[in-house]
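First comes the structure, then the notes that go with it.
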Amino acid sequence: MDFSPPFPIGRPAVPVKAFRPVSFYYARSVDDRRLAVQLSGDYRREPVFYLHGTPGSRVGPRPTNRELTDRNVWLISCDRPGDGRSDRLESRTVADVATDVEAIADGLGLERFAVLGRSGGGPHALACAALLPERVTRAAALVSLAPWQAQGLDWFAGMADSNVDAYTIAAADPELLTARFVQAAAKIKADPASHFANLGQEMPAPDRLIVADVGIRAMLAQSFAEAVRTSADGWIDDVLAFSSPWGFDPAAIDVPVLLWHGEDDVFSPVAHTHWLVRRIPGAHMEIRPGSAHLGALEVLPDILSWLIRPMPVAT
């Protein structure tokens with residue numbers, strides 16, 4: 001497999017015959033791990049990194065190519081270490097994603113870019129904003145968690161029992177978490193849609209309505225299946241990272257940040273975003289009544305438009 005982007009470095013101003021509207025390739029991390037990258041839209045548009053949920057992968061739900069073109073967006077998605085086709089990075093922290101995103105950006109010849117994270121991708125988008133301030137233009141975190149043991153936050157309040165159980169076990173007994181997730185991943189590989197059945201009883205009505213859409217359900221199932229195509233490692237490592245120190249302080253973020261949350265979310269309770277907006281200087285928060293965790297999928301096009309909006313000129 002070629003480890004080069006499918007077009008010349010430096011985003012040339014003229015069309016390249018080899019360019020494809022949706023392209024997959026492998027990048028290399030600074031420590032020589034393989035990183036699976038998916039490109040959607042036109043590389044001559046504004047670059048936005050899209051960091052997937054947990055469990056999830058680079059092929060998760062996203063706007064159509066037409067929507068990306070209409071919003072002048074080039075979307076860059078990548079599997080986190082251990083997910084999909086990306087090599088594992090054991091004992092990784094949330095902060096480690098910044099080095100991988102920077103390596104991919106360097107390979108694509110990008111000096112500046114925006115970052116968007118949904119669900120489990122939210123903390124990782126905030127990591128990029130905090131640790132790559134000279135490169136990240138704007139960041140958005142949708143239905144994100146707050147840091148583990150965030151001061152003044154009841155971390156588990158309003159959270160679904162399955163997530164409370166997973167994070168509690170992750171903090172107390174990582175080996176037990178591993179055993180459980182290996183079994184869960186095997187079930188997903190056998191039947192990707194089974195993950196919906198596992199979550200069904202805990203899903204609030206707005207989320208059940210969204211997954212009733214055949215197209216969205218299929219995209220989510222594809223993302224789940226790709227996430228565990230080789231193992232449950234990425235899923236396990238995400239949960240371990242969320243239930244450990246993140247490796248950065250959100251208060252250090254010095255780029256524009258948008259925090260979005262569905263008010264009825266039970267997988268990442270809305271109180272987490274209320275905590276983050278108090279912690280991140282100048283962050284903007286949008287809470288949508290009558291929406292929940294998967295409501296983030298519906299607002300992706302509008303969030304992308306905000307991410308590439310020109311920065312105001314200082315006077």
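The values are calculated or read from the model by the stated rules, or taken from the named source; none is laboratory data. Note that the structure is predicted; figures quoted are calculated from it, not measured. Heads up, the Cβs are rebuilt from the backbone with ideal geometry, glycines too, and the neighbour counts pull from every protein chain shown. When the accessible area is computed, the model is the full protein with side chains, heavy atoms only, and any ligands, DNA or RNA have been set aside. Shrake-Rupley method; radii C 1.70, N 1.55, O 1.52, S 1.80 Å.
Considering only the range 144-183, state which residues are part of a helix (DSSP H, G or I) and either among the polar types (S, T, N, Q) or in contact (Cβ under 8 Å) with a residue 60 or more places away in the chain (or both).
As a first pass, look at the range 144-183 and keep what is part of a helix (DSSP H, G or I): 161-172, 174-183.
Selection gives Ser162, Asn163, Ala166, Tyr167, Thr168, Ala170, Ala171, Pro174, Leu177, Thr178, Gln183.
Identify, from the list Asp96, Asp79, the residue that is open to solvent by 20 Å² or more (accessible area, probe 1.4 Å), within 15 Å of the chain's Cα centre (by Cα) and not aliphatic (A, V, I, L, M).
Working: Asp79 fails: open to solvent by 20 Å² or more (accessible area, probe 1.4 Å).
The unique qualifying residue is Asp96.
Loosely packed, with under 14 Cβ neighbours inside 10 Å, within 23 Å of Pro269 (Cβ to Cβ) and under 22 Å from the mean Cα position of the chain (by Cα): is that true of Asn163 in this structure?
Working: loosely packed, with under 14 Cβ neighbours inside 10 Å: no; within 23 Å of Pro269 (Cβ to Cβ): yes; under 22 Å from the mean Cα position of the chain (by Cα): yes.
Answer is no for this residue.
I'm trying to understand the selection: among the residues of the range 262-298, which are open to solvent by less than 40 Å² (accessible area, probe 1.4 Å), touching a strand residue (DSSP E or B) at 6+ places or on another chain (Cβ under 6 Å) and not in a loop (DSSP other than H, G, I, E, B)?
Gly262, Val270, Thr273, Leu276, Val277, Gly295, Ala296
Are there any pairs, at least 6 apart or on different chains, whose C-beta atoms fall under 6 Å, with the first in the range 205-230 and closer than 25 Å to Arg88 by Cβ and the second β-branched (Val, Ile, Thr) and open to solvent by less than 90 Å² (accessible area, probe 1.4 Å), and if so, which?
Gln222/Val59; Ser223/Val59; Phe224/Ile188; Glu226/Val59; Val228/Ile188
I'd like the full set of residues that are among the acidic types (Asp, Glu) and either touching a Cys at 6+ places or on another chain (Cβ under 7 Å) or over 18 Å from Val277 (Cβ atoms) (or both), limited to the range 108-162. If you could, list the steps in order and put the result at the bottom.
Initial filter on the range 108-162 (among the acidic types (Asp, Glu)): 111, 134, 154, 161.
Scanning the range 108-162 gives Glu111, Glu134, Asp161.
Are any residues in the range 196-232 open to solvent by 40 Å² or more (accessible area, probe 1.4 Å), not charged (D, E, K, R) and not in a helix (DSSP H, G or I), and if so, which ones? Can you show your working first?
Filtering the range 196-232 for residues open to solvent by 40 Å² or more (accessible area, probe 1.4 Å) gives 197-198, 201-202, 205, 208-209, 212-214, 217-219, 222, 229-230.
Next, from what is left, pick out any that are not charged (D, E, K, R): 197-198, 201, 205, 209, 212, 214, 218-219, 222, 230.
Scanning the range 196-232 gives Gln201, Ala212, Thr230.
If you check Ala141, Ala193, which single one turns out to be crowded, with 17+ Cβ neighbours inside 10 Å and touching a residue at least 24 places away in the same chain (Cβ under 8 Å)?
On the way: Ala193 fails: crowded, with 17+ Cβ neighbours inside 10 Å.
Being crowded, with 17+ Cβ neighbours inside 10 Å and touching a residue at least 24 places away in the same chain (Cβ under 8 Å) holds for just one of Ala141, Ala193, which is Ala141.
Considering only residues that are open to solvent by 10 Å² or more (accessible area, probe 1.4 Å) and in contact with a strand residue (DSSP E or B) (Cβ under 6 Å, 6 or more places away or on another chain), which ones fall in the range 104-127? Reasoning before the result, please.
Keep residues of the range 104-127 that are open to solvent by 10 Å² or more (accessible area, probe 1.4 Å), which gives 106-107, 109, 111-112, 118-119.
Within the range 104-127, Gly107, Arg112, Arg118 meet the criteria.
Taking the range 40-59 only, how many residues are under 15 Å from the mean Cα position of the chain (by Cα), open to solvent by 10 Å² or more (accessible area, probe 1.4 Å) and closer than 13 Å to Phe113 by Cβ?
Of all residues in the range 40-59, those under 15 Å from the mean Cα position of the chain (by Cα) come to 48-59.
Now drop any that are not open to solvent by 10 Å² or more (accessible area, probe 1.4 Å), which leaves 50, 52, 54-55, 58-59.
Filter again for closer than 13 Å to Phe113 by Cβ, leaving 50.
Selection size over the range 40-59: 1.
Any residue in the range 233-252 that is open to solvent by less than 60 Å² (accessible area, probe 1.4 Å), at pLDDT below 95 and in a loop (DSSP other than H, G, I, E, B)?
no
Please find, within the range 227-267, the residue that is nearest to the chain's Cα centre (by Cα) out of those that are closer than 17 Å to Gln149 by Cβ and of a type in the set (Phe, Trp, Tyr). Spell out the reasoning first.
Applying the first criterion (closer than 17 Å to Gln149 by Cβ) to the range 227-267 yields 239-251.
From the residues that got through so far, the ones that are of a type in the set (Phe, Trp, Tyr) too are 242, 246, 248.
Working: Phe242: 13, Trp246: 15, Phe248: 17 Å.
It comes out as Phe242.
One residue is enough: does the range 2-18 have a residue meeting the conditions modelled with pLDDT under 95 and under 26 Å from Ala221 (Cα atoms)? Talk me through it step by step, then tell me what you get.
From the range 2-18, those modelled with pLDDT under 95 are 2-18; that's our starting set.
From what is left, the residues that are under 26 Å from Ala221 (Cα atoms) are none.
No, the range 2-18 contains no residue that is modelled with pLDDT under 95 and under 26 Å from Ala221 (Cα atoms).
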